[in-house]
1. Given R₀ = 51 Å, FRET efficiency for A:Val297-A:His148 by Cβ-Cβ distance, to 0.05?
2. Between A:Thr97 and B:Lys77, what FRET efficiency comes out of the Förster formula 1/(1 + (r/R0)^6) with R0 = 51 Å and r the beta carbon distance, rounded to 0.05?
3. Could you name the aspartates and glutamates whose alpha carbon sits less than 13 Å from that of B:Lys47, not counting residues in the same chain fewer than 8 places away?
4. State, to one decimal in nm², a quarter of the convex hull surface area for the C-alpha atoms of the range A:14-154, i.e. the direction-averaged projected area.
5. Mind ordering A:143-150, A:106-113, A:90-97, A:132-139 by average Cβ neighbours within 10 Å, highest first?
6. Determine the shielding of peptide B:57-66 by partner chains: average, over its residues, the number of Cβ atoms on other chains within 10 angstrom of each Cβ.
7. To the nearest 20 Debye, how big is the dipole of chain A about its Cα centre, given +1 on the beta carbon of each Lys and Arg and -1 on that of each Asp and Glu?
8. Over all residues in B:79-87, what is the mean tally of Cβ atoms on other chains that come within 10 Å of each residue's Cβ?
Amino acid sequence: MRNNCLTTAMLLSTLLSGGTGISHAAPNTFNTALPVPQGEFIWREQAVFRERSSGGPRDRDVSIQALASVLGYGINSRLAVFGAVPYFFNKDLDVTTPMGRLDRDTDGFGDVSAFARYTLYQHDFTGGTFRIAPVAGVTAPTGDDDEHDRVGRLPRMLQTGDGAWDGFGGVVGTYQTLQYEVDTQLLYRANGRHDGFARGDEARFDASLQYRVWPLSLKNVSGTPGFVYALLESNLVHRDRNEVGGGTDPHSGGTQWLLAPGLQTIGRRWIFEGTVQLPVVSKPHGHALEDDATVRVGFRRNF
Amino acid sequence: MFKQLLLLSAGLILSASALAAGNQYTLGVKGVACPYCAFGIEKRLSKVDGVADVTVDIGDSVVRVNMAEGASLTEAKARQAVKEAGFTLSSFSEAIEPKDDHAQ
């Protein structure tokens, strides 16, 4: 999960890279603490194009094209619930094997997430607000974790689901004025174990600045004009090593710091947005996969 | 004489028009800082019985509410609707001037 400041985005992120997000103006890669009005829905669609790679003898390249759908609902002015599901149009892996270079891919729905956000602290002032909201949720194993191709069972990282129930929780803070908005999020994701495998737990610290670049001034402006925001988002993500059988995979997890500049147009009913997320610092464990670039474009609809 | 009758008729018509216009209220709302949020307030206030039209002047943090003919808005109802949208009502006043410009 700005207002409906759909908390959003977080979801997507959680689903596709470990965050969660939706609602209002709000960040593009994680959540916001802005409200979803009581009894109202917010809908978000985000197309995600993600490229990952690893070094080492396997020299893996992963390409993901997905659509993340998020629906938010305001239970009351402080409590909102969200549901999110990703659909992977294509998850593609190029990997070097003893048989040579191999290309494997899959598609389908991923794991569904549901989470709630409660506004614990709210300080409203003229033309702005400051809010703090804890979030907590679960990811259900609705995606396929046993997909096969001509070679055999697809590797874990290529399956659309991991087969386990996961839980995540954290806190989101938002400071918003008519000129700019700052969002921060601390989130921890505890990944469950299934069939002898557990994806490494994940901790992340996200921050976002959204600055109004149009209209330049609101003086003598009546009504509610559309805004254009320039975005800059920062995502610091640490992933533990995956657990496999009785041990850990040395070539999994690690720490990455990413920046995502972007643009957002905000109307009363619609938000259109896009960001390009690039790594600044990468410290993978061994030859673990790391993000090279992620492009996100989408919209949010205020019902 | 004809001119006086004409003016009298015009006055009566305009007065009737003014009376037909509903009450207008001006709300000060804290916490609203983007168009998407403003729409949430519009939606919640529009669900209050008798509300005909809602306009948010986001730069001034002011919400103008026009009521249907014969309807009125209480501060308690306005406060509740603004709260349900996730914001805070800071002021409530009934506009003195009627909605219809011809009546001025």
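The numbers here are math on the coordinates, done by the rules we state, and not lab data. Keep in mind it's a predicted model, so treat the numbers as computed, not measured. Quick reminder, even Gly has a Cβ in these numbers, built from the backbone with ideal geometry, and neighbours come from all protein chains shown.
1. For A:Val297 and A:His148, the calculated efficiency is 0.95.
2. Once the sixth-power term is evaluated, E becomes 0.15.
3. Qualifying aspartates and glutamates at Cα under 13 Å: A:Glu40, B:Glu84.
4. On the way: hull surface 40.6 nm².
Averaged projected hull area, Cα only: 10.1 nm².
5. Packing proxy ranking, top to bottom: A:132-139, A:106-113, A:90-97, A:143-150.
6. Other-chain Cβ atoms within 10 Å of each residue's Cβ, averaged: 4.
7. 1000 debye
8. 6
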